[in-house]
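Beneath this line is the structure, given in structure tokens, with notes to follow.
The values are calculated or read from the model by the stated rules, or taken from the named source; none is laboratory data. The structure presented is a predicted model; accordingly, all values stated were derived computationally and were not measured. All Cβ positions, even for glycine, are placed from backbone atoms using ideal geometry, and neighbour counts span all protein chains on display. Heavy atoms of the whole protein, side chains included, go into the accessibility calculation; ligands, DNA and RNA do not. Shrake-Rupley method; radii C 1.70, N 1.55, O 1.52, S 1.80 Å.
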Amino acid sequence: MRQTQKNLVTLLALTAAAAGLGLYAWYGVKEPDAREAERKEVSEQLFAAQEAGAKGEAGGASPAPVFTKLTVKASSGTTELVREKDGTWRVTSPVSARAEMAAVEAMTSTLASSKFTATVDEAPTDADLEKYGLKTPVFSVTATASMGSPAQERTVTLHGGIENTFDGSVYVRREGDPKVYAAPGAVRWSLDRDSFALRSKEFLGPLEEPSLQSIEVKAKANAYLLARDTGGTGWRLVKPVAERADEVKVADLLTALKEQRALSFPVDSAEARQKLGLEAPVVDARFTPATGEPVRLRLSQVTEGGETKVYALREQGPQALLGEVPESALAVLDMGVPELKDKRVLAFRREDVKRLVFHPGGGAEPIAVARVTGADGGAGVWEVESPKKGKAQHFKVASVLGSLDTFKASAFSEAKPKSWAKFGISDASRGAVLQGADGKELARLWLGNEVKDKPGTVYARGSGPDVLEVSATWVELPTKPEDLLEAPPSPADGGPDATVSPTP
């Protein structure tokens, strides 16, 4: 064999040896290390989404768990929860109630993302488990999650022990795994929850305003009946007076009711209702929806051990829920007519207004503007009709119309007065008339004298029968045609007074 051949053979042998060392390094050292790191990563998770080495569909990473069931055992008892089809959670035992979403989300987030911080004991004895508070766990959580599809479910049970006073961590054991682990103290805060913590406290709501047709209330100081307008959008007072109702106030009332959170949930029974004063309530209200059963809500006030407490009973069909609520709940529905009446000065729809007539008062001529539709049938423009003709400043007319639309009274004065003159209101008063396409009057505003001891506030008459107190500066009504007319071009812009230079 020649020297070159020997060198080639030697090179091939060395290459093969190097490759063998590389394969050994990977399969003998690197791959076991990688498998151990993956096993460690999985074992450190509170809720391991998969077994070590397992892959998701198509060999990819396992999808995040979607929790569907939770069973929480605390010192006070066991609570069972299920996830509804719409993604909300419901308590199914020991009662049937909506779940407190913030508490459930904190629990599922902790299960999905938290990890053990250390392995405390690989093979604990019964005496060790007693020491860690795990012989009889302080709390337990059994969680079932869907792993990508309903057919792929995984269930994990965690048992929590006592707190490690050295670092605030909590001892935890996973069912089927003999080891005792340490977990962050926040894990115990999220998982050790009783039935009260896990059920919704907003039991007086929800009462969706758009779905309601009537609201009847008998309270300590007031009683009233609200009914939906014929058009199905606004509200009107039916009792004790027939008036337009403040839509915003009605919506705020329902929101405030929903925000009253339960302080406790006493056991409901006929005896309990009698004892808590609910058979002779301070507030008795009925909310009637367009479809379904009406909701009856009763609130009582009793003294227990020298302390005043308020209880609420919500009933809808066969369902009833009793709870203790803050004392402030008594005032939510106890409203008088002035609070419920619509404070809008004028009732009209802005898009219906096709003509406005402004009355400057003091004998001055009215100023009339009308919307002229364009040749293409578009929105058109505003034009001054009298006492001068010309194109109106669109933004000014739109601004005045917008101010009239949002004009609200600061207070109510005399109801249905026999004489408006004593308030400085007559046909000669300053004001405005809004008309539709057919010339029909949609709304009219009269402004009167200044209210005594209230600078900047004047009396007004609007769409309702009562005297109103309004801001004198909210609406800037025009006093002369020039306030609305577009200014003619100036000479500098080539207007009619521009001087034509002679041709040289």
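Go through (1) assigned to a loop (DSSP other than H, G, I, E, B); (2) within 29 Å of residue 196 (Cα to Cα); (3) in contact (Cβ under 8 Å) with a residue 60 or more places away in the chain; (4) not polar (S, T, N, Q) and name the single condition residue 148 misses. Going through (1) assigned to a loop (DSSP other than H, G, I, E, B); (2) within 29 Å of residue 196 (Cα to Cα); (3) in contact (Cβ under 8 Å) with a residue 60 or more places away in the chain; (4) not polar (S, T, N, Q) one by one, residue 148 breaks only (2).
So in the range 176-188, with the set limited to residues that are within 14 Å of residue 138 (Cβ to Cβ) and in contact (Cβ under 8 Å) with a residue 40 or more places away in the chain, which one is most open to solvent (accessible area, probe 1.4 Å)?
It comes out as 188.
Can you find, within the range 151-175, the residue that is nearest to residue 116 (Cα to Cα) among those that are open to solvent by 50 Å² or more (accessible area, probe 1.4 Å) and assigned to a strand (DSSP E or B)?
Just the residues of the range 151-175 that are open to solvent by 50 Å² or more (accessible area, probe 1.4 Å), to begin with: 151-155, 162-163, 165-167, 173, 175.
Still in the list and also assigned to a strand (DSSP E or B): 153-155, 162-163, 173.
Working: 153: 22, 154: 19, 155: 18, 162: 15, 163: 14, 173: 10 Å.
Checked the range 151-175; the qualifying residue nearest to residue 116 (Cα to Cα) is 173.
Picking from residues in the range 225-254 that are farther than 20 Å from residue 415 by Cβ and small (Gly, Ala, Ser), the one that is most open to solvent (accessible area, probe 1.4 Å) is 231.
Taking the condition free of Cβ contacts under 8 Å to residues at least 40 places away in the same chain and of a type in the set (D, E, K, R), does residue 246 pass?
Values: free of Cβ contacts under 8 Å to residues at least 40 places away in the same chain: no; of a type in the set (D, E, K, R): yes.
So residue 246 does not fit the description; no.
Going by the conditions given, is residue 317 over 27 Å from the mean Cα position of the chain (by Cα) and at positive phi? So residue 317 does not fit the description; no. Scanning the range 254-290 for residues that are closer than 30 Å to residue 231 by Cβ, touching a residue at least 60 places away in the same chain (Cβ under 8 Å) and not small (Gly, Ala, Ser) gives 257, 283, 284, 286, 287, 288, 289.
Looking only at residues of the range 81-140 that are charged (D, E, K, R) and open to solvent by less than 50 Å² (accessible area, probe 1.4 Å), we find that the one that is farthest from residue 161 (Cα to Cα) is 100. Counting only strands (runs of 3 or more DSSP E) that sit completely within the range 423-476, those holding 1 or more residues that are in contact (Cβ under 8 Å) with a residue 60 or more places away in the chain and open to solvent by 50 Å² or more (accessible area, probe 1.4 Å) correspond to 430-435, 441-450.
Could you tell me which of the residues 178, 124, 137 is touching a Phe, Trp or Tyr at 6+ places or on another chain (Cβ under 9 Å), more than 22 Å from residue 88 (Cα to Cα) and part of a loop (DSSP other than H, G, I, E, B)? Before the answer, list the steps.
Working: 178 fails: touching a Phe, Trp or Tyr at 6+ places or on another chain (Cβ under 9 Å); 137 fails: touching a Phe, Trp or Tyr at 6+ places or on another chain (Cβ under 9 Å).
Within the list 178, 124, 137, the selection yields 124.
Only a single criterion out of (1) modelled with pLDDT of 95 or more; (2) in a helix (DSSP H, G or I) is not satisfied by residue 112, namely (1).
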